[in-house]
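Engineer: Below is the structure I would like to discuss, written out as structure tokens.
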Amino acid sequence: MRVSAPVRATVQRLTLPFLIFISALLAVLGKADVLLFDRVRVVLADTLAPVLQVAGEPIVTASKAIGTVKDIASVYRQNEELKLENQRLLQWQEVARRLESENEELRNLVKFAPQGAMSSVAAQVIADSGGAFLRNVLVNVGRDEGVTRGQPALTGDGLVGRVIELGDRTARILLLTDINSHIPVVVEGTHERAMLNGDNSDQPQLVYFQPKTPVKPGDRIVTSGSGGVFPPDLPIGVVVSANGMIRVEPYADLARLEMVRIVNYGLDGVLPDSAIPEPLSIGRSRSRATSAR
Amino acid sequence: MPYSRNRDYFGFVARMVPGTTTILFALLSLLPFHVPSFGSIAPGFALMAVFHWSVYRPDLLPLSVVFFAGLLLDLLNGTPYVGLSALVLLLVRTGVVTQRRVFSHRPFSILWLGFFGAAVGAFALEWAFVSLMQVHAMVPRPFIFQTLITTACFPIGSYLLALAHRAMPALSA
């Protein structure tokens, strides 16, 4: 299409203010109407997941190579440590076996009905928000693998976060360090209830309902199970004191997540997907696409 | 605009290089780098690409592509403020284009210093915006860290972009 020179010049002059205005508007409105973006985001993440996964392979390989070199350097010391740990764990195994049989006897005694079975799915981290004000990761499992919103993600060490966004092949996990993460917890031993609030730093803050409760560095923090999103007693981290605030060092290494386990405990504490209304425009185009098929 | 005089000796593929590398760099910042002691904060690669092309070939990096790259980044990194990166990148491009005479035909250190300035501006703007929206001053440490790590990684990004830049005449043949 041919456009006259003055019109073209005007359009060119207006492009910058227009685009700046649009992006500022989106950024301000986005917080109010996240729903529309959520749908677009999920579709985009699902589409780009294979690309991100393939592109991430060399990085995973490289970091593994660096890890191997580091491991070789410390193999002797590690071996000594592992021997000690093994000894300790063997003692614990003994204790666990005894408790298990005792538990079983007691259960038989009271005719205890076990809770619903839990299942889990392993997920690879394919994208990291990487931003200064975001703590979330994208993983390569989604609705197709039976993941639902709100399910906790764990590593072998402890809780990582929960699923906040769900596609067919991807899920976004809000890490417990994110400013929007608020988890009901208890201090192990004292059973004092508290909230663990992220603030984008590496160590989330512990906020008490009763401020005079004594808490000391080294106390273990676990999920309380209130709210019905997380089951009780998932390990989160230990209390460390920093800058006068009570902070918790998570057990899981959140800065270097490679694999997480998304666990289904059969809880339904978050709103199901169906409870979230779909924005009209996208809903319509999707139903048209289905009928065309 | 003074830079539009020499714009037409590149073929279609070569002219796509600035836009494509900018979008690729935006995706690069999303990859999970598990490098020890790297932390969870990735360098802002998109910022490097926008800065580089705004200095050397702003005519081949249209505003719409900058906007699109920023939007893509925001949609994929799960931010509640979709559009913030687009805004920041557009402002950086505008600022750099007005100052590009300062950087052309100067040693790399001048360019690097200029990039540091752009990074400080970009991340300070992000910090101010997010703090305003959260009605709570955000912890500044992650932003300072991201400014520093992005500036530290700039030579790598700049080197890769210069390679792409040098390949452009070959691509138009």
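Engineer: Report whether or not B:Phe129 is assigned to a helix (DSSP H, G or I), over 17 Å from A:Gly131 (Cβ atoms) and out of contact with any His (no Cβ under 8 Å at 6 or more places or on another chain).
Structural biologist: no
Engineer: I need a count of the residues in the range A:117-129 that are more than 13 Å from chain B (Cβ to nearest Cβ) and modelled with pLDDT of 90 or more. Give the steps one after another, and end with the answer.
Structural biologist: Pass one, the range A:117-129, residues more than 13 Å from chain B (Cβ to nearest Cβ): A:117-122.
This time we only want the ones that are modelled with pLDDT of 90 or more, so: A:121-122.
Summing the residues that are more than 13 Å from chain B (Cβ to nearest Cβ) and modelled with pLDDT of 90 or more in the range A:117-129 gives 2.
Engineer: Is there a residue being touching a Lys or Arg at 6+ places or on another chain (Cβ under 7 Å) and part of a helix (DSSP H, G or I) anywhere in the range A:26-38? Steps first, answer last, please.
Structural biologist: Initial filter on the range A:26-38 (touching a Lys or Arg at 6+ places or on another chain (Cβ under 7 Å)): none.
The answer is no; no qualifying residue exists.
Engineer: Quickly run through the range B:142-173 and pick out the residues that are at pLDDT 85 or above, surrounded by fewer than 16 Cβ atoms within 10 Å (Cβ to Cβ) and either within 8 Å of chain A (Cβ to nearest Cβ) or not in a helix (DSSP H, G or I) (or both).
Structural biologist: The answer is B:Phe145, and nothing else.
Engineer: Which condition number does B:Gly83 fail, the rest of (1) crowded, with 16+ Cβ neighbours inside 10 Å; (2) free of Cβ contacts under 8 Å to residues at least 12 places away in the same chain being met?
Structural biologist: (2)
Engineer: Just the residues that are free of Cβ contacts under 8 Å to residues at least 24 places away in the same chain and either over 22 Å from A:Phe37 (Cβ atoms) or of a type in the set (Val, Ile, Thr) (or both), please, taken from the range B:44-80.
Structural biologist: Matches in the range B:44-80: B:Thr79 only.
Engineer: Can you pull out every residue in the range A:13-35 that is at pLDDT below 85 and more than 9 Å from every other protein chain (Cβ to nearest Cβ)?
Structural biologist: Scanning the range A:13-35 gives A:Arg13, A:Ala32, A:Asp33, A:Leu35.
Engineer: Restricting attention to the range B:104-134, and to residues there that are of a type in the set (S, T, N, Q) and more than 14 Å from every other protein chain (Cβ to nearest Cβ), which single residue is farthest from A:Ser23 (Cα to Cα)? So that I can check it myself, show each step before the final result.
Structural biologist: Keep residues of the range B:104-134 that are of a type in the set (S, T, N, Q), which gives B:104, B:109, B:131, B:134.
Now narrow it down to the ones that are more than 14 Å from every other protein chain (Cβ to nearest Cβ): B:104, B:109.
On the way: B:Ser104: 29, B:Ser109: 32 Å.
Filtering the range B:104-134 for residues that are of a type in the set (S, T, N, Q) and more than 14 Å from every other protein chain (Cβ to nearest Cβ), the one farthest from A:Ser23 (Cα to Cα) comes out as B:Ser109.
Engineer: Can A:Ala132 be described as at pLDDT 90 or above, within 30 Å of B:Thr150 (Cα to Cα) and within 14 Å of another protein chain (Cβ to nearest Cβ)? Lay out the reasoning, then the answer.
Structural biologist: On the way: at pLDDT 90 or above: no; within 30 Å of B:Thr150 (Cα to Cα): yes; within 14 Å of another protein chain (Cβ to nearest Cβ): yes.
Against the criterion (at pLDDT 90 or above, within 30 Å of B:Thr150 (Cα to Cα) and within 14 Å of another protein chain (Cβ to nearest Cβ)), A:Ala132 does not qualify.
Engineer: Another question about this same structure. If we scan the range B:38-50, do we find a residue that is more than 8 Å from chain A (Cβ to nearest Cβ), buried (at least 24 other Cβ atoms within 10 Å of the Cβ) and closer than 22 Å to B:Leu171 by Cα?
Structural biologist: yes
Engineer: Confirm whether A:Val43 is surrounded by 10 or more Cβ atoms within 10 Å (Cβ to Cβ), modelled with pLDDT under 90 and not in a helix (DSSP H, G or I). Show your work before the answer.
Structural biologist: Numbers: surrounded by 10 or more Cβ atoms within 10 Å (Cβ to Cβ): yes; modelled with pLDDT under 90: yes; not in a helix (DSSP H, G or I): no.
Spelling it out, it is not the case that A:Val43 is surrounded by 10 or more Cβ atoms within 10 Å (Cβ to Cβ), modelled with pLDDT under 90 and not in a helix (DSSP H, G or I).
Engineer: Okay, moving on. Could you say whether any residue in the range A:46-60 is in a helix (DSSP H, G or I), among the acidic types (Asp, Glu) and in contact (Cβ under 8 Å) with a residue 40 or more places away in the chain? Show your work before the answer.
Structural biologist: Filtering the range A:46-60 down to residues in a helix (DSSP H, G or I) leaves A:46-60.
From the residues that got through so far, the ones that are among the acidic types (Asp, Glu) too are A:46, A:57.
Add one more test, that the residue is in contact (Cβ under 8 Å) with a residue 40 or more places away in the chain, and what stays is A:46.
The answer is yes, given that some residue of the range A:46-60 is in a helix (DSSP H, G or I), among the acidic types (Asp, Glu) and in contact (Cβ under 8 Å) with a residue 40 or more places away in the chain.
Engineer: Out of contact with any Asp or Glu (no Cβ under 9 Å at 6 or more places or on another chain) and more than 8 Å from every other protein chain (Cβ to nearest Cβ): is that true of B:Leu73 in this structure? Outline the logic, then answer.
Structural biologist: Values: out of contact with any Asp or Glu (no Cβ under 9 Å at 6 or more places or on another chain): yes; more than 8 Å from every other protein chain (Cβ to nearest Cβ): yes.
Criteria met by B:Leu73.
Engineer: Same structure, new question: Just name the residue that is nearest to the other protein chains (Cβ to nearest Cβ) out of those in the range B:56-69 that are among the aliphatic types (A, V, I, L, M) and surrounded by 23 or more Cβ atoms within 10 Å (Cβ to Cβ). Spell out how you get there, then give the answer.
Structural biologist: Going residue by residue through the range B:56-69, those that are among the aliphatic types (A, V, I, L, M) are B:60-61, B:63, B:65-66, B:69.
Filter again for surrounded by 23 or more Cβ atoms within 10 Å (Cβ to Cβ), leaving B:61, B:66, B:69.
Working: B:Leu61: 13, B:Val66: 8, B:Ala69: 11 Å.
Among those that are among the aliphatic types (A, V, I, L, M) and surrounded by 23 or more Cβ atoms within 10 Å (Cβ to Cβ), it is B:Val66.
Engineer: Another one. Can you tell me which residue within the range B:98-124, out of those that are in a helix (DSSP H, G or I) and of a type in the set (Gly, Ala, Ser), is farthest from A:Gly131 (Cα to Cα)? Before you say what the answer is, go through the steps one by one.
Structural biologist: Here is the first cut: in the range B:98-124, the residues in a helix (DSSP H, G or I) are B:98-103, B:108-124.
So of that shortlist, the ones also of a type in the set (Gly, Ala, Ser) come out as B:109, B:114, B:117-119, B:121-122, B:124.
Working: B:Ser109: 26, B:Gly114: 22, B:Gly117: 19, B:Ala118: 17, B:Ala119: 13, B:Gly121: 16, B:Ala122: 12, B:Ala124: 13 Å.
Across the range B:98-124, the extreme among qualifying residues is B:Ser109.
The values are calculated or read from the model by the stated rules, or taken from the named source; none is laboratory data. All values reported here derive from a predicted model rather than from experimental measurement. Glycine also receives a Cβ, built like all others from the backbone with ideal geometry; neighbour counts cover every protein chain displayed.
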